[in-house]
Each structure stands twice: as C-alpha cells, then as structure tokens.
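What follows is a short report on a single structure.
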Amino acid sequence: QVQLVESGGGLVQAGDSLTLSCVASGRTFSSYAMGWFRQAPGKEREFVGAIMWSSSITYYSESVKGRFTISRDNAKNTVYLQMNSLKVEDTGVYYCAADSRLYILREGRGDYWGQGTQVTVSS
C-alpha cells in the first residue's frame, strides 16, 4: 500500500505561481511513477502530468505544458507540481496518484490516490 497526502493548495490570482507537494508513505516510493490530476467543478478528472520513477521522463497535458513542472525527490518520498502563470481555468482539486506503470497514469488511472488539495485561481 502507498498513502499519498497532497498539500500546498490555496487561493491565488491569475498569473501567480504555486507549488503543490505530495508526500508518499508505505511501499518503496522510488519504484512508482507519479502523476498529477485535477478536477474542476462539474467536470471530469483530467490528467495534468506524470513523472517516471527515475525523473528522466515527464509528460504533461497540452493545457499546462510550458507552465507546470513536475519533479520528485525520492529521498523525501515527495513529488512536486510547480505551477506558473496560473489561469482561472486551472482552478480545481488537484490529486496525486501513484502506479508502477506510467502508461496507466497517462490513461487517467492509478493504483493509489491522495485526497486532493484545492487550488483556486481568481481573475
């Protein structure tokens, strides 16, 4: 089992930056690919990005590419989502997920999920 706890959400203005963290506990964190997802009110959950266990490979959705950066610190069992140039449409609950298979995360699925952290971007 892997337990995931997100933090760092909050209320910011458009154009601001925010960094989310996801701390994992349980099984070997470094063996899992990690992903970030978000869900806006009334919308389905969408893939934001993912990172391989080795940090050598990252993927992003087109909507955040160039603005968001995923990184991880395996020594701290933590994955980060650095969000720059935030837009109102980035508002939503952000979730991190873990799976041993990166392609599963890219498909919007995963074995383990956190409870989410709210990000609200005001205009």
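Express the accessible area of the chain per residue in Å², computed with a 1.4 Å probe while the remaining protein chains stay in the model.
Spelled out: the 1.4 Å probe surface of the chain, per residue, equals 50 Å².
Restricting to the chain, what percent of DSSP beta bridges are antiparallel, rounded to 5?
90 percent
Using a ≥ b ≥ c from the Cα gyration tensor of the range 24-69 (square roots of the eigenvalues), is it rounded, prolate or oblate, where a/c under 1.5 gives rounded and otherwise the larger of a/b and b/c decides, a/b for prolate?
oblate
About its Cα centre, what dipole magnitude does the chain give when the only charges are +1 on Lys and Arg Cβ and -1 on Asp and Glu Cβ, stated in debye to the nearest 20?
Charge dipole of the chain: 180 debye, to the nearest 20.
Counting only protein heavy atoms and using a 1.4 Å probe, what share of the accessible area of the chain belongs to carbon plus sulfur, as a whole percent?
47 percent
In nm², what is the average projected area of the convex hull enclosing the Cα atoms of the chain?
Reported value for the Cα convex hull: 6.6 nm².
If the reach is capped at under 26 angstrom between alpha carbons, list the lysines near LYS87, excluding any in the same chain fewer than eight residues apart.
Filter leaves LYS43, LYS65.
Of LEU81, LEU18, LEU105, which has the largest mean-square fluctuation in a 10 Å C-alpha GNM of the chain?
Comparing LEU81, LEU18, LEU105 in a Gaussian network model of the chain, the most mobile one is LEU18.
The values are calculated or read from the model by the stated rules, or taken from the named source; none is laboratory data. This structure is a prediction, so every number in the text was calculated from the model and none was measured. FYI the Cβ positions are ideal-geometry reconstructions off the backbone, even for glycines, and counts take in every protein chain you see. Accessible surface is based on the protein model in full, side chains and every heavy atom, while ligands, DNA and RNA are left aside. Shrake-Rupley method; radii C 1.70, N 1.55, O 1.52, S 1.80 Å.
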